[in-house]
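Structure record follows, encoded as structure tokens.
Derivation of every value follows stated rules applied to the coordinates shown; laboratory data play no part. Computed from a predicted structure; not experimentally measured. Ideal geometry is used to build each Cβ from the backbone, glycine not excepted, and the neighbour counts take in all protein chains shown.
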Amino acid sequence: MSIMSYNGGAIMAMRGKDCVAIAADRRFGIQAQTVSMDFDKIFEMGPRLYIGLAGLATDIQTVSERLKFRVNLYELRENRRIKPKTLLSVVSNLLYERRFGPYFIEPVIAGIDPLTLEPYVASCDLIGCPMVAKDFAVSGTCSEQMYGMCESLWVEDMTPDQLFEAISQALMNSVDRDALSGWGAIVHIIERDRVTTKTLKTRMD
Amino acid sequence: MECLLGIKGRDFVLMASDCVVSAHGIVAMKKDHDKMFKMTDSLVMSVIGHGGDDVQFAEYIAKNIQLYRMRNGYNLSTKEAATFTRRNLADYLRSNTPYSVHLLIGGFDREEGASLYYMDYLATSTKVPFAVHGYGAYFTLSTMDRYYHDDMTQKEALHLLQRCIDEINTRFVINMPTYKIRIVDKDGIHDLDDMKPTGSGGSQGPESMLG
């Protein structure tokens, strides 16, 4: 029994043309038993900046709370919104502080830089190793399936509508092949001037 | 070996817990033990856990919630109490003395109405329409999925609970002869008569529940 697959889950983020999308499944389970079908794994850290956390559910909640605390203090001190690449550094620091007793989560960041309006997608491992992606980032119990789907469906410079189709199909088909992920999905499409949130009905098993 | 159940109805939460206290794994010491704790006038927490952790943690949380009321002059809402409980449990999780408890928090407040929170021993907290802790979950969650709907009346919720208890009694190897029942609604916490399994088994509910 691996700690990272105790609760199950899947997060995916993709980069498009002037937009990014982040998607997650909605299952909260304890090994084989599903407890809830509306468990949030994506958290808003800014008007156009979202972080998705996959892994142990209690650490998803603890890290999102601790991270929001740090981001709030940052924004109070600096009097401006945090940039996506700075958030990556903050997350990396938060996780590496626990290097020898880590939080069992692997985060995925998706956002648009508040000044340059560049789309940004990045991820980390559970001890905070940062990785900026030019195409997509995935994390969760079905990461192999997600890598395969993303590699097939992602193309450069997708419009928001194309991006929504691509990320939805990629996530849905990946979680359908994983017993511990699924039970619905939520997708946020982040553009320069708006964020659209859609829920998907997947196979409910 | 213990079981906690919770069902959220249209404007109330029904909380049920078994009453057995066991020792050394095999001895039933007591069959009328109350596993629910009153946090405030409209908030109930039911707890199961090992080695005294259940009572220690529940009393600690209950006293702190009362302290908040004394200091600030008003009660914590259900969501706030659940967040406070989760924060404490999560902080203790990675200490030298973690608490090993499962809990259900059911309450009623004016903003949210009735709400039920499920929390496991790792301090994962989630708001749910119904929940079960313990081995009883394996025998009852499917029944709850089938018959639960959003707007249940007290009568319907009690019927559903009776079905679940009957199923546990039929198929679970451990004998749990009584369940303590409480309802939390806008008028506070109401103790109902203990519920016992009927002889009929979980698959035969009253006519009104079919279809």
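Rounded, prolate or oblate: which fits chain A, taking a ≥ b ≥ c as square roots of the Cα gyration tensor eigenvalues, rounded meaning a/c under 1.5, else prolate when a/b beats b/c? Taking the square roots of the gyration eigenvalues as a ≥ b ≥ c, chain A is oblate. For the range A:66-171, what's the relative contact order in percent, using C-alpha pairs closer than 8 Å and at least 6 residues apart? Normalised by residue count, the contact order of the range A:66-171 is 18 percent. Excluding same-chain neighbours fewer than eight residues apart, the aspartates and glutamates reachable from A:Lys17 by a Cα-Cα span under 13 Å are A:Glu118, A:Asp135, A:Glu156, A:Asp157, A:Asp161, A:Glu191. Working from Cα pairs under 8 Å separated by at least six residues, relative contact order for the range A:1-129 is 27 percent.
Could you work out how much longer the chain between A:Lys85 and A:Met1 gets when fully extended? Use 0.36 nm per residue separation minus the Cα distance between them, nm to one decimal. Result for the pair: 26.8 nm of gain on full extension. Extension gain, A:Thr116 to A:Glu151, is 9.9 nm, computed as 0.36 nm per intervening residue step minus the present C-alpha separation. Taking amide H positions as modeled 1.01 Å from N, with prolines and chain starts lacking one, the residues under 5 Å from B:Ser17 and 5 or more places away or on another chain are B:Leu5, B:Lys180. Taking 0.36 nm per residue of separation and subtracting the Cα-Cα distance, full extension of the segment from A:Arg98 to A:Asp135 would add 10.4 nm.
Taking B:Leu141, B:Leu103, B:Leu161 as the candidate residues, the one with maximal mean-square fluctuation in a Gaussian network model of chain B, Cα springs under 10 Å, is B:Leu141.
Lys-Lys pairs in the range B:24-161 that are eight or more residues apart or on separate chains and whose Cα atoms lie under 27 Å of each other come to 17.
When chain B is treated as a GNM with alpha-carbon contacts under 10 Å, the residue of B:Gly49, B:Gly107, B:Gly73 showing the greatest mean-square fluctuation is B:Gly73. The count of lysine pairs in the range A:67-205 that are at least 8 places apart or cross chains, and whose C-alpha atoms lie under 22 Å apart, stands at 4. The value of relative contact order for the range B:4-70, using C-alpha pairs under 8 Å at least six residues apart, is 21 percent.
Springs between alpha-carbon atoms under 10 Å, Gaussian network over chain A: tell me which of A:Ile189, A:Ile82, A:Ile51 tops the mean-square fluctuations. The residue that fluctuates most here is A:Ile82. Using Cβ point charges alone (K and R +1, D and E -1), the dipole size of the range A:48-175 about the Cα centre works out to roughly 740 debye. When only the Cβ of Lys, Arg, Asp and Glu is charged (+1, +1, -1, -1), the dipole of the protein assembly as shown relative to its Cα centre reaches about 820 debye.
Computed from backbone phi, the HN-Hα couplings of the range A:32-45 come to 7, 8, 8, 9, 8, 10, 9, 8, 7, 10, 10, 10, 8, 10 Hz, rounded to whole numbers (Karplus: 6.51 cos²θ - 1.76 cosθ + 1.60, θ = phi - 60°; Gly and Pro given as x).
When only the Cβ of Lys, Arg, Asp and Glu is charged (+1, +1, -1, -1), the dipole of the range A:151-205 relative to its Cα centre reaches about 300 debye.
Taking θ as phi - 60° and the Karplus parameters 6.51, -1.76 and 1.60, the scalar couplings of the range A:154-159 work out to 6, 10, 6, 6, 7, 6 Hz in sequence order, x denoting glycine and proline.
Each of A:Asp18 and B:Asp11 was given a label point 7 Å from its Cα along the Cα-to-Cβ line. The distance between the two points is 5.1 nm. Suppose we look only past 26 Å in the calculated P(r) of chain B. What percent of the Cα-Cα pairs does that tail hold? Distances greater than 26 Å cover 32 percent of the Cα pairs.
Computed from the Cβ-Cβ distance with R0 of 45 Å, the FRET efficiency linking B:Asn64 to A:Gln162 stands at 0.30. Diffusion coefficient of the range A:109-205 by Stokes-Einstein, Kirkwood radius over Cα pairs, 20 °C, 1.002 mPa s: 149 µm²/s. Ordered from longest to shortest, the equivalent ellipsoid semi-axes for the protein assembly as shown are 41, 24, 20 Å, each the square root of 5 times a Cα gyration tensor eigenvalue. When you work out D = kT/(6 pi eta Rh) for the range B:1-75 at 37 °C and 0.692 mPa s, using the Kirkwood radius from C-alpha pairs as Rh and the Stokes-Einstein form, the result is 236 µm²/s.
Other residues with beta-carbon under 12 Å from the beta-carbon of B:Asp109 carry, at +1 per Lys or Arg and -1 per Asp or Glu, a net charge of -3.
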